[in-house]
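Working notes for the structure below.
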Amino acid sequence: MRSRSSVLLWSLVVPPIFLAQARPALSPEERAVTAWVDMHNPEAVAALERVVNINSGTQNVAGVRQVGARFKADFDKLGFRTEWIDGSAWHRAGHLVADRAGGCF
């Protein structure tokens, strides 16, 4: 008779093994995308760190606008049309709205 620990061990090890074998291989395009993401991950993390280090709590209007300006610059580079909706009427910084004609990239 098997012990509970050996049954638990097999229940944790065996399913991932079968799942790993069941995954289809990535297409060349998918491999290229994942390679690009892996290569650019450090700069994405650095950009995220710069943004989260901006004091942008709800009541910090200047900080919220600074975060909006950072994202506006990135969206503009990608071809989006951006607009800042001023929120002073409701005592807030506002909202960044980004739109891209034609839908998908």
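Numbers at a glance
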| item | result |
| --- | --- |
| Every residue from segment 65-105 that is among the hydrophobic types (A, V, I, L, M, F, W, C) and over 19 Å from the mean Cα position of the chain (by Cα) | 84, 85, 89, 90, 93, 101 |
| Helices (runs of 4 or more DSSP H) (entirely within segment 1-88) containing at least 1 residues that are at pLDDT below 85 and surrounded by 12 or more Cβ atoms within 10 Å (Cβ to Cβ) | 4-22 |
| Odd one out for residue 78 among (1) in contact with a helix residue (DSSP H, G or I) (Cβ under 7 Å, 6 or more places away or on another chain); (2) within 26 Å of residue 101 (Cβ to Cβ) | (1) |
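The values are calculated or read from the model by the stated rules, or taken from the named source; none is laboratory data. Remember, predicted model here, so these are calculated numbers, not experimental data. Here Cβ is always computed from backbone atoms with ideal geometry, including for glycine, and neighbour counts include all displayed protein chains.
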